[in-house]
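The values are calculated or read from the model by the stated rules, or taken from the named source; none is laboratory data. Treat the numbers as computed from the prediction; the structure is a model and nothing was measured. Cβ atoms come from the backbone with ideal geometry, glycine included; neighbour counts cover every protein chain shown. The accessibility values were calculated without ligands, DNA or RNA, using every heavy atom of the protein model including side chains. Shrake-Rupley method; radii C 1.70, N 1.55, O 1.52, S 1.80 Å.
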Amino acid sequence: MIETTETMTTRDGAELVATLWRPAESGRFPVLLSRTPYGRGAAGPGYHLDVPRLVAAGYAVAIQDVRGTGASQGEFRFVSGEAADGHDAVRWAATASWSDGNVGMYGDSYLAITQLLAAQERPEGLKAIAPHVSPAGLYECVYQPGGVPNLNIILTVSAMVLAVDELDRRIALGTATEEDKGRYLAAIGLPHGLDERLRELSERLPLSDQPLLADLVPFYSAWMDTPDPLDPLWRDGIVRHGDIEVPALVSTGWYDYFRDGSIEHYERLGGESRLIVGPWTHFTHERDICGRDYGDQASQEAIDWTGVHLDWFDHWLRGAPLRDGAKVKIFVMGDDAWREEDDWPVRRSRSVPYHLGFDGGLSATPGEGGTAEFVSDPGDPVPTLGGAIMTFDAFGPLDQRPLDGRGDVLRHRTAPLTERVEVSGPVELVARVSSTAASADVTAKLIDVHPDGRAELLTDGIARLTGLVPGEVREVRVQLGAISNAFLPGHRIRIDVAGSNFPRFGRNLDKGTTTLHGPSYVVLPTIP
């Protein structure tokens, strides 16, 4: 294949630079375009496709530095502005001398939302997209509904990715040195002490006060100071699904922190779009997550991830028949097997309320009323243990037993199951609570307790109540997100309720005692 550097000019005059790989023979080829802030190498962050194989299949592959990153001109604004630039990039790719006019887009995370924002502008030549692990929008990168910061994610990305990339850019421009980068890396705890240092940064108040990021990631403080989703700050990062006409191959993982955003894209796009959800995290797509082995067919390698995408793009850019006709493919954990479905949510699922007993029980049969209490103390929050987080050695389906000694967590579990119970769909806790504080957070975790006692985290969520009056009982709905898990005979279904999950979510700074009142229950979408 031939590798060249290509430059295009946007409508406002900024030059954006791409690396192009194309077949060695002369001619025009369908183009696969990806737009990244993380460096345009073929195997850089955001890519899990085999570029030489794509080129061998007859595609030109263009990977472009987005505005203000790498070699591209302008100011990097993180998602904002990517719709217009994406439109212009597609038009450039469709009209280039090496293009046959048919363009597809692919890539992960930031590279995924750039596809959706470009597609909503309906650029001529764009025929299909394949967004993997995409956030719902800019606001959803930073906050949970209700203005609770996704602190672990956005702080870690800012400190470990965006700031380092900006330093590399400045070094290339001659405005910073390798010594500057070394000092920064030492300041965030590298090569040793990174997790401890990130914990210290997450404890700083106010959240917007991060001197290490003020120059390198200047928009971080504005994000932390703007929890209102209707603020104009977020406007350019909203995906207009109704304006997207091209089909999307949407994919994500059950432990990806953008899982629900990806699934929302699929649900709102409809039409010819497809959905794949595997037992993966945002970065890990192997069969094993932190010691939990999901079997031979679990990895992207096992299902031929590049081949899946070639099938998709061959159909929409070349008119070939789709070899795989499945509308939805989900990996059912517990069974540790793939299954095809007609749609998502699964049409045959039944919403079953499991009631939280105040003796620690959990049952599909309503119990007697009662109350239970937990303390929420921002000085001693419940520590995050696994889940959809960004860390380097402890994430995903971690055993929750190390938290068993904490008295600020309410644990509710079923008796050992006598038959398989499959939960596939969005999980929601409906709780009635009161608090001694003016505001309170309610967190919830869905856990699969194995016969040997292992308490495997499946999914979690948080909701924030404000304007509380002491003694007033309010209903709160905590969205735990989507999951597919078969609870096998001998296992138990468990729900943990608390007032914090830190630093996954930003702390509520009000200290108080929260009372859980009956009836409170978790709605589990079960498959008959």
For this session: Rank-order 236-245, 69-78 by packing density, defined as the average count of other C-beta atoms within 10 Å over each peptide's residues, highest first.
Result: 69-78, 236-245
Seminar exercise, completed: A chain fully extended from Leu509 to Glu419 at 0.36 nm per residue, minus the present Cα-Cα distance, gains in nm 28.1 nm
Problem set entry | segment 478-528 and segment 293-330: distance between their alpha carbon centers, rounded to Å | 33
Problem set entry | Sum of side-chain charges, Leu216 neighbourhood, beta-carbon under 13 Å (Lys, Arg +1; Asp, Glu -1) | -1
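What do you reckon, how do Arg53, Arg492 stack up by accessible area (1.4 Å probe), largest on top?
Details: Arg53 90, Arg492 60 Å².
In descending accessible area the options line up as Arg53, Arg492.
Counting only helical runs of four or more DSSP H residues, what would the 222 nm mean residue ellipticity of the chain come to if each run contributes -39,500 (n - 2.57) and the total is spread over all its residues?
Working: 11 runs with 103 residues, N = 528.
The per-residue figure over the chain is -5500 deg cm²/dmol.
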Exercise. Separation of segment 378-439 and segment 186-237 by C-alpha centroid, Å?
Worked result: 26
Problem set entry | Accessible-area composition of the chain, carbon plus sulfur, in percent [1.4 Å probe] | 49
Exercise. Under unit Cβ charges (Lys, Arg +1; Asp, Glu -1), what dipole magnitude, rounded to 20 debye, does segment 116-222 have relative to its Cα centre?
Worked result: 200
Problem set entry | Rg followed by Dmax, in Å, when segment 327-441 is reduced to its Cα trace | 17.6, 49
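Sorted by packing (mean other beta-carbon atoms within 10 Å per residue), highest first, where do 1-11, 58-68 land?
Working: 1-11: 13.6, 58-68: 23.8.
The densest-packed peptide leads the list: 58-68, 1-11.
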For this session: Could you pull out every residue, at least 5 positions away or on a different chain, whose amide H is within less than 5 Å of the one on Glu428? Hs are placed 1.01 Å off N in the peptide plane, and Pro or chain starts have none.
Result: Leu480, Val523
Exercise. Ordered by residue, what ³J(HN,Hα) values in Hz, to whole numbers, does segment 513-528 give under the Karplus form 6.51 cos²θ - 1.76 cosθ + 1.60, where θ = phi - 60° and Gly and Pro are x?
Worked result: 10, 9, 10, 9, 10, x, x, 10, 7, 10, 8, 10, x, 9, 9, x
For this session: Roll a 1.4 Å probe over the protein chains and send me the accessible area per residue for the chain in Å².
Result: 38
Problem set entry | Dipole in debye (nearest 20) - the chain, about Cα centre, beta carbon charges: Lys, Arg +1; Asp, Glu -1 | 640
Seminar exercise, completed: Sorted on mean Cβ neighbours within 10 Å (highest first), peptides 476-489, 15-28 come out as 476-489, 15-28
Exercise. Can you give the % of DSSP beta bridges in the chain that are antiparallel, to the nearest 5?
Worked result: 75
